[in-house]
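The values are calculated or read from the model by the stated rules, or taken from the named source; none is laboratory data. All figures in this text were calculated on a predicted structure; none of them were measured in a lab. No Cβ is skipped: glycine too gets one built from the backbone with ideal geometry, and neighbour counts run over all protein chains shown. All accessible areas refer to the heavy atoms of the entire protein, side chains included, with ligands and DNA or RNA removed. Shrake-Rupley method; radii C 1.70, N 1.55, O 1.52, S 1.80 Å.
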Amino acid sequence: MDFLSVFLQDFVKQLQSPTLGFLIGGMIIAALGSELVIPESICTIIVFMLLTKIGLTGGIAIRNSNLMDMVLPALFSVVIGILVVFIARYTLAKLPKVRTVDAIATGGLFGAVSGSTMAAALTLLEEQKIFYEAWTGALYPFMDIPALVTAIVVANIYLNKKKRKEAADSAMQESFSKQSVAAGDYPSTRQEYLSQQKGDADNRVKIWPIIEESLRGPALSAMLLGLALGLFTQPESVYKSFYDPAFRGLLSILMLVMGMEAWSRIGELRKVAQWYVVYSVIAPILHGLIAFGLGMIAHYATGFSMGGVVVMAVIASSSSDISGPPTLRAGIPSANPSAYIGASTAVGTPIAIGVCIPLFIGLAQAIGG
């Protein structure tokens, strides 16, 4: 009972933080029909500054720490990013009225990372004076890129198999004899064989362009820029005088915008199966718990801090809101954006920020003291 009471007290305390307050406030004013509009250009600048700051923090920390400490958390991050996609492939995709390709894309978006959710978690950890390794922000690409690559590869393999099956079924229907079937199955000339091989090669999924597209995305680019500057330059002066003091204020504005956008996206979920709502509520918590468990293994094996475990759990519970959607639009054009973006923005992100962050901080405090 002591464990439960400590956990509940900490959970309620996190819900009263200004970061979550701005998110909830944004949803409320949007629900009331407010005409408040914050220009997209301002949001872009805010996201750039937040993720650059996180990258700078991670780069400076990596420069001053032992790289071996990162190996296990980074490996677990890769595993989580891939695992989340397969969870969606074999759970969400099996539900009624859910298209398999849409489910895979949704898994990719939920496996990818939200920089704003991570920023909110880091702010709350600092407010609670909970220690975490400054380089934990650098785990972002280790989870984000594998999730997007896996989703696009799995979706394209599924679509290619489906296309071949439909072609085979069509050929069977048009066949009137065993000879015609055999002729359709096996090439009769070398030229026909080479033509089939070329067609198969054209249908193969090319992984490097997917990685390249992810790296060029605005969110990951900003964070990797900050990471490189923190590693190879001496940015401490501009970091302390500008990025660090502005961080919380900028984050509060972004949370307000995200709350308003989350409410506006709820309508999109009416266009698709309501199972997406169920998935969007359960998935962030489930993914976070898996990551929390793996983080605890790293905690006991290498001394990874409880704050670091929380960060890993939060980024696993988050879903990409900036770089993920355009990458998936390009990589899986047949998937319905209303399904995966609506599920992520309208439900997944508020659950990740409003429920998962306080949940995992409270769990870490209850376990670690």
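How much length would be gained if the chain were fully extended between S41 and R216, taking 0.36 nm per residue of separation minus their Cα-Cα distance, in nm to one decimal?
Full-extension gain reported as 61.2 nm.
In degrees between 0 and 90, to the nearest 10, how far off the longest principal axis of the chain does helix 357-368 point, with axes built from Cα atoms?
The two axes meet at around 70 degrees.
Sort V79, V309, V47 by heavy-atom solvent-accessible area, probe 1.4 angstrom, most to least.
Highest to lowest solvent-accessible surface, that is V79, V47, V309.
Order F360, F242, most accessible first, counting only protein heavy atoms with a 1.4 angstrom probe.
F242, F360
Residue-wise, which Karplus ³J(HN,Hα) couplings in Hz belong to the stretch 300-309, taking 6.51 cos²θ - 1.76 cosθ + 1.60, θ = phi - 60°, and x for glycine or proline?
3J(HN,Hα) across the stretch 300-309, in whole Hz: 6, 7, 10, x, 3, 5, 5, x, x, 4.
Find the eigenvalues of the gyration tensor of the Cα atoms of the chain, then list the square roots of 5 times those eigenvalues as equivalent ellipsoid semi-axes, largest first, in whole angstrom.
40, 23, 20
Whole-Hz Karplus ³J(HN,Hα) for the stretch 159-168, in order, using 6.51 cos²θ - 1.76 cosθ + 1.60 and θ = phi - 60°, x for Gly and Pro?
5, 5, 5, 5, 5, 5, 5, 5, 5, 5
Would you mind pulling out the separation of the Cα centroids of the stretch 228-242 and the stretch 243-294, in Å?
The two parts, judged by their Cα centres, are 30 Å apart.
In percent, what relative contact order does the chain have, based on Cα pairs under 8 Å that are 6 or more apart in sequence?
Value for the chain: 36 percent.
What 222 nm value per residue comes from the helices of the chain, counting each DSSP H run with n ≥ 4 as -39,500 (n - 2.57) and dividing by all residues, nearest 500 deg cm²/dmol?
-24000 deg cm²/dmol
With θ set to phi - 60°, apply the Karplus curve 6.51 cos²θ - 1.76 cosθ + 1.60 along the stretch 342-353 and write out the HN-Hα couplings as whole Hz, x wherever there is a Gly or Pro.
x, 4, 6, 6, 6, 10, x, 5, x, 5, 4, 7
What do you get for the angle between helix 100-111 and the principal long axis of the chain? Use alpha-carbon atoms, 0 to 90 degrees, nearest ten.
Between helix and principal axis, roughly 30 degrees.
Solvent-accessible area of L56, probe 1.4 Å, all protein chains present, reported in Å² to the nearest ten, please.
Surface accessible to solvent at L56 totals approximately 0 Å².
Quick one: which residues, 5 or more positions from F304 or on another chain, have an amide H under 5 Å from its amide H? H modelled 1.01 Å from N in the peptide plane, none for Pro or chain starts.
Distant-sequence amide H within range of F304: H299.
Please state the equivalent ellipsoid semi-axes for the stretch 265-369: what are the square roots of 5 times the Cα gyration tensor eigenvalues, largest first, in whole Å?
30, 15, 10
What is the Cα centroid distance between the stretch 208-227 and the stretch 109-157, reported in whole angstrom?
Taking the Cα centre of the stretch 109-157 as reference, the centre of the stretch 208-227 is 13 Å away.
Got a sec? Which residues in the stretch 46-74 would a label at F131 touch, if it sits 7 Å along Cα→Cβ and we count backbone N under 15 Å?
Output list for this probe position: 65-66.
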